[in-house]
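Reading through the structure tokens given below for one structure.
The values are calculated or read from the model by the stated rules, or taken from the named source; none is laboratory data. Computed from a prediction, not measured in an experiment: that's the story for all the values here. Note that we place each Cβ from the backbone using ideal geometry, even for glycine, and neighbour counts take in every protein chain shown.
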Amino acid sequence: MDILSLLAQGFQTVLFNPLNLFIMVIGLALGLIVAVLPGLTLVMGVVLALPFTYGMGILPAIILLTAMYVSGTYGGAFTSILFRIPGEPMDVPLLWDGYTMARRGEPALALGWTLFSAFAGGLVAAVAMVILSGPVAMIALALSTPEYFAIILLGLMSVVTLAGGALAKALISLCIGLLLATVGTDPTYGNLRYDFNVPALADGVDYLLVMIGAYGLGEVLTRMEQRGETAGIARTSTITTRLPNLAAVLKTKWTFVRGSIVGFIIGVVPGAGATIASFVSYGIEGQYGKNRRQLGSGIAEGIIAPQTAATSSVGGAMVPLLTMGIPGSGATAIILAAFMLHGVQPGPHVFFKSADLVYAIFASIFVAVIGMCIIGYFAIKLLVKVLEFPEAITSAFVVMFCFMGALASRSTTGDLWLIAAFGILGYLFERYRFPIAPMVLGAILGPLAESNFMTTMISFTNDWTVFFTRPISGSIMAFNILTLTYTFYNGWRSKRG
């Protein structure tokens, strides 16, 4: 039976089974809610949903978790664009243009671009997942920790290269984030680092505290200092959802193409995930996009690049999971656990023994992308009405959710002090014009970079040249060096000019 016939049977199984369709809607709604709430990460939400799948069949269980996974890559855009609080690490790049566009008086249009980007990225990745699952999975199988480290390094550099004239400040911010990532217990040797005998630091600094504190509380403190001098986000009851028109979409078509390809490829790499895809895609747009010099000023390309990549990474992450039993992200690791709890081991044999199950899952991802957009379209209208609240009330809710997010992370009161400290640090960064994004990125990707670097050094007897001698990692490292060199050269040339 060919692919189209199997996929058609999958759609029939998903769409014409009331239970499967109901589970799909529940999963999409839960994914949006989890992604919107700061501190409750997408992976955490999927973990919390896993026990409820014990009594389900294998297909409804996977539909629930994958629906949450799909919609979770989009839901965090609401708080990122409207309140400058990224619901997920992958939503941080949306702040730079999405929030700027909202502050300019176009929140509905910013959310419309996000919705359309999620739709495009999700569908492109779903098609690629069906067609390329076998060949791409074989390529991903050849990657190891040197390649992962090189990709993470590319993600770290993507923000620095966008700093423009503030390159030195961006490097300082990134180094602070990387330093924060080293606080706590060394994952390789088990030694305590930089805890200063403070119990709250012994377990490390959670990136959620850095992200929510610096962006959320920092923004509130900045607005308090300005005492309402800045305009709000166009509080008016006449705001409606504004999807981009066809002409605008065609002008940005290459951004959609780049974001979808980057997101899918990075999603295939086990352990990379939507966060790295989002940052790398934004960085690539900043290097090669038609309007790269305008990034950060509230343009559509700055929204399309990260959101398309984040959503398309879902299809990519499902490829190694289904074909080799290797999870491509934290969420797919939980989905793998759901497979095994129901007695199914994902891998090449599943395509022969349970092809109907595999293609029903493929079909469910197509349906989830479309359903996410339908639910998200109406959710945008409801969320835009929140903008009618006075700024003082909005700020109070922001502070409340920030501290709730701090407690939800690890349920320790020490984290409340840490999030307050990062709120002050975020305020100081804003006042002295240091970019916050590199610090947050360093805190998010720092542990991943350290883990893959140390594993590589142990595996290859401290031979650092392995990063350059292996073909794939060497190519990525060469691209990193060329990108950094080009950035320094541009900075030097602009100073001379």
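Points worth noting:
- Of residues in the stretch 465-497 being modelled with pLDDT of 90 or more and farther than 19 Å from Ile266 by Cα, the one surrounded by the most Cβ atoms within 10 Å (Cβ to Cβ): Val466
- Given (1) surrounded by fewer than 24 Cβ atoms within 10 Å (Cβ to Cβ); (2) farther than 21 Å from Ala120 by Cβ, index of the condition Gly10 fails: (1)
- Scan of the stretch 272-294 for residues that are of a type outside the set (S, T, N, Q) and buried (at least 22 other Cβ atoms within 10 Å of the Cβ), ordered by number: Ala272, Gly273, Ala274, Ile276, Ala277, Phe279, Val280, Tyr282, Gly283, Ile284, Glu285, Gly286
- Test: residue in the stretch 98-109 that is in contact with a Lys or Arg (Cβ under 8 Å, 6 or more places away or on another chain) and of a type in the set (A, V, I, L, M, F, W, C): yes
- Any pair with Cβ under 8 angstrom, 6 or more apart, that starts in the stretch 484-497 at a residue that is assigned to a helix (DSSP H, G or I) and ends at one that is at pLDDT 75 or above and among the hydrophobic types (A, V, I, L, M, F, W, C): Leu484/Met157; Thr487/Leu167; Phe488/Leu167; Gly491/Leu167
- Among the conditions (1) at pLDDT 80 or above; (2) in contact with a Leu (Cβ under 9 Å, 6 or more places away or on another chain); (3) part of a helix (DSSP H, G or I); (4) under 30 Å from Glu225 (Cβ atoms), Ala408 misses just one, which is (1).
- Any chance Thr275 is under 25 Å from Ile3 (Cβ atoms) and of a type in the set (S, T, N, Q): no
- Among the residues of the stretch 399-442, just one is touching a residue at least 40 places away in the same chain (Cβ under 8 Å), among the hydroxyl-bearing types (Ser, Thr, Tyr) and over 17 Å from Pro199 (Cα atoms), namely Tyr427.
- Checked against (1) over 30 Å from Leu6 (Cβ atoms); (2) at pLDDT 80 or above, Gly165 passes all but condition (2).
- When Leu441, Leu382, Leu418 are screened for being crowded, with 17+ Cβ neighbours inside 10 Å, modelled with pLDDT under 85 and either assigned to a helix (DSSP H, G or I) or not basic (Lys, Arg) (or both), only Leu441 passes.
- Any hit, the stretch 292-312, residues being closer than 26 Å to Pro447 by Cα and among the β-branched types (Val, Ile, Thr): yes
- Index of the failed condition, Ser158 passing every other in (1) closer than 28 Å to Asp91 by Cβ; (2) crowded, with 23+ Cβ neighbours inside 10 Å; (3) at pLDDT 80 or above: (3)
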